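The values are calculated or read from the model by the stated rules, or taken from the named source; none is laboratory data. Since the model is a prediction, treat every value here as computed from it, not as a measurement. Positions of Cβ are generated from backbone atoms using ideal geometry, with glycine treated the same way; all protein chains shown enter the neighbour counts.
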Amino acid sequence: MRKKSNKKAIILFIGLVLILVCAFAANLCIGNVRIGAWNVLRILFFGEGDDKVRRILFTIRLPRTLMALVLGGALAVAGFLLQTYFSNPIAGPYILGVSSGARMTVALLLIFVAGGVTVRGYMLVLAAFAGALLTTCFIIMISKRVKNMAVLLAAGIMVGYICSAITDFLVAFADDSDIVNLHSWSQGSFSGATMEGAVYCIVIVAAAFFGVMLMAKSLDAFRLGESYARSVGVNIRLCRVMIILLSSILSACVTAYAGPVTFIGIAVPFLMREAFKTSKPVVLIPASFLSGAVFCLLSDLLARMIFAPTELNISAVTSLFGAPIVIYMMIRRQKRHED
């Protein structure tokens, strides 16, 4: 039985990797200017091809595609961490207001702090991290007073609304000519992606992902309850701190470069639990990253192409596919409680 489950997991992982490769290639090839797969390979690996096509590929599509891949995976892993912490599959960076808090502090940086100073990638991430960390800590404070998870989620949603209202107010009255694409960013978009930003994202997310994987064994014990985790030697306080820090870093990186991206952090870990039929972090962490990357790549492709040349914000597409999954999750959870 165990061999069969291991074999199934390997097949699912191979399938996810193949889908990811296809989605990555589709994002590079498909657009207002179609680029053949062979031309993409020639440009990327041999430096050949038309100069105009090379510019499109290296300055627009490749950074955007890398950003969607890395940040989609980061958001899914952040969602998995928060769901593990709160022992609730509906917890996620967007629902709990973490993304909105990060978005608010980035808007504050861009409007009031930056001024004529060039905003570097690390500044965006630090600002978003501060907002994400403050919001997460606030939600955790509420969770210590409120044991009802429905009330906690409602509180998170209200915090998100407050942060979003402040951000929208800032965006509406911002007139600084140095602020580029602030409005589109505040709605969620990869349109402003640069190769420098993609490199920052890859480094930050890779480091955070490595940290999460090192915690896999502790997370496995943590999800079974604090008493059990203590009995097997897990440092509960350190585990909590690391979950908060790593989920905040991952959420902050997404918000800093793409704005708020909805539902991936909730829907993807749930889908992976259903697909792999397990709750083990050592399986779900990489599975969530791969499937989150696929989800985000396909959503970004649809956002660009459905009404081309008009571009939708990424959250419009992720909400369209993610919200029904979350509704299904809540209905199923309610049925399990009733049974």
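Taking the stretch 26-79 on its own, how many of its residues are β-branched (Val, Ile, Thr) and either over 28 Å from Ile249 (Cβ atoms) or touching a strand residue (DSSP E or B) at 6+ places or on another chain (Cβ under 6 Å) (or both)? Within the stretch 26-79, residues that are β-branched (Val, Ile, Thr) and either over 28 Å from Ile249 (Cβ atoms) or touching a strand residue (DSSP E or B) at 6+ places or on another chain (Cβ under 6 Å) (or both) number 7.
Within the stretch 155-175, if we keep just the residues that are at pLDDT 80 or above and aliphatic (A, V, I, L, M), the residue that is farthest from Gly101 (Cα to Cα) turns out to be Ala155.
With respect to the stated conditions, Leu124 is among the hydrophobic types (A, V, I, L, M, F, W, C), modelled with pLDDT of 75 or more and under 20 Å from Ser251 (Cβ atoms).
Of the residues in the stretch 54-75, at least one is surrounded by 13 or more Cβ atoms within 10 Å (Cβ to Cβ) and more than 22 Å from Ser189 (Cβ to Cβ). How many residues are in contact with a helix residue (DSSP H, G or I) (Cβ under 9 Å, 6 or more places away or on another chain) and in a loop (DSSP other than H, G, I, E, B) if we restrict to the stretch 307-331? Final tally of qualifying residues: 3. Inside the stretch 231-282, residues that are part of a helix (DSSP H, G or I), without any contact (Cβ under 8 Å) to a residue 60 or more places away in the chain and among the β-branched types (Val, Ile, Thr) make up a count of 2.
Flag: Val212 matches the condition of being out of contact with any Pro (no Cβ under 7 Å at 6 or more places or on another chain), in contact (Cβ under 8 Å) with a residue 60 or more places away in the chain and in a helix (DSSP H, G or I). Answer yes or no as to whether Val117 is aliphatic (A, V, I, L, M), modelled with pLDDT under 85 and exposed (fewer than 15 other Cβ atoms within 10 Å of the Cβ). When the stated conditions are applied, Val117 passes them.
Look at the stretch 17-42: where a residue is surrounded by 18 or more Cβ atoms within 10 Å (Cβ to Cβ) and a partner is of a type in the set (Lys, Arg) and part of a helix (DSSP H, G or I), sitting 6+ places away or on another chain with Cβ atoms under 6 Å, you get Leu28/Arg61. For Ala252, the requirement of being within 13 Å of Ala78 (Cα to Cα), among the small types (Gly, Ala, Ser) and modelled with pLDDT under 90 is met. Take Tyr94 and decide whether it is under 18 Å from the mean Cα position of the chain (by Cα) and surrounded by fewer than 19 Cβ atoms within 10 Å (Cβ to Cβ). No: the conditions fail for Tyr94. Taking every residue in the stretch 309-328 that is in contact (Cβ under 8 Å) with a residue 12 or more places away in the chain and pairing it with any residue that is surrounded by fewer than 20 Cβ atoms within 10 Å (Cβ to Cβ) and part of a helix (DSSP H, G or I), at least 6 positions away or on another chain, the pairs with Cβ-Cβ distances below 6 Å are Asn313/Gln187; Val317/Leu302.
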